[in-house]
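The structure appears right after this line, and notes come after that.
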Amino acid sequence: MPNLVVDWPGLAENFDNDKFAISLVVEAFLEAIPEGMAKLKASIVARDAKALAMAAHSLKGAILNFGAVEAVRLGQELENCGYAGTIDGVETLLNAFEEAVEVLIHELQSETARYQEAG
């Protein structure tokens, strides 16, 4: 099995091994993530530190459901930058966060497809 970023055993435990519930949570996350990422990017463009902190906090919270440690860590760093009022230089951090989120999205999409195939 490849090196997975999602804590699948933990996710299953949190949802009492209910594959349907897990698929609903994954679906909701996948539908919401583009808007959340857009808000995050807009806050940086607008140089709005408070909005950065709020957007990063929201994304981090959604990602926490999946136990994706690296994405959560980077989201926390972005949130901390927002609370500190630090907008300069966050682009590199944003890029790393986007990459971690993309890995998460890819894994969620491929693994949930297997869930659905297994029925």
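The values are calculated or read from the model by the stated rules, or taken from the named source; none is laboratory data. Because the structure is predicted, anything quoted here is derived from the model rather than measured. We place every Cβ from the backbone using ideal geometry, glycine too, and count neighbours over all the protein chains shown.
A Cβ distance below 7 Å, combined with a sequence gap of six or more or placement on separate chains, defines the contacts here; from the stretch 52-68, residues that are of a type in the set (Asp, Glu) reach no residue that is modelled with pLDDT of 95 or more and not in a helix (DSSP H, G or I).
May I ask you to list the residues in the stretch 47-78 that are touching a Ser or Thr at 6+ places or on another chain (Cβ under 9 Å) and either among the acidic types (Asp, Glu) or surrounded by fewer than 21 Cβ atoms within 10 Å (Cβ to Cβ) (or both)? Across the stretch 47-78, the qualifying residues are Ala49, Lys50, Ala51, Ala53, Met54. Across the stretch 1-46, the qualifying residues are those that are in contact with a helix residue (DSSP H, G or I) (Cβ under 8 Å, 6 or more places away or on another chain) and more than 26 Å from Glu111 (Cα to Cα), and the one among them that is surrounded by the fewest Cβ atoms within 10 Å (Cβ to Cβ) is Ala42. When each of Ala84, Ala96 is tested for being more than 27 Å from Pro9 (Cα to Cα) and modelled with pLDDT of 95 or more, the lone residue that passes is Ala84. Out of curiosity, is Gly85 on the phi > 0 side of the Ramachandran plot and out of contact with any Leu (no Cβ under 7 Å at 6 or more places or on another chain)? When the stated conditions are applied, Gly85 passes them. Can you tell me which residues in the stretch 44-82 are touching a Phe, Trp or Tyr at 6+ places or on another chain (Cβ under 6 Å) and more than 12 Å from Leu94 (Cβ to Cβ)? Result: Ala53, Ala62.
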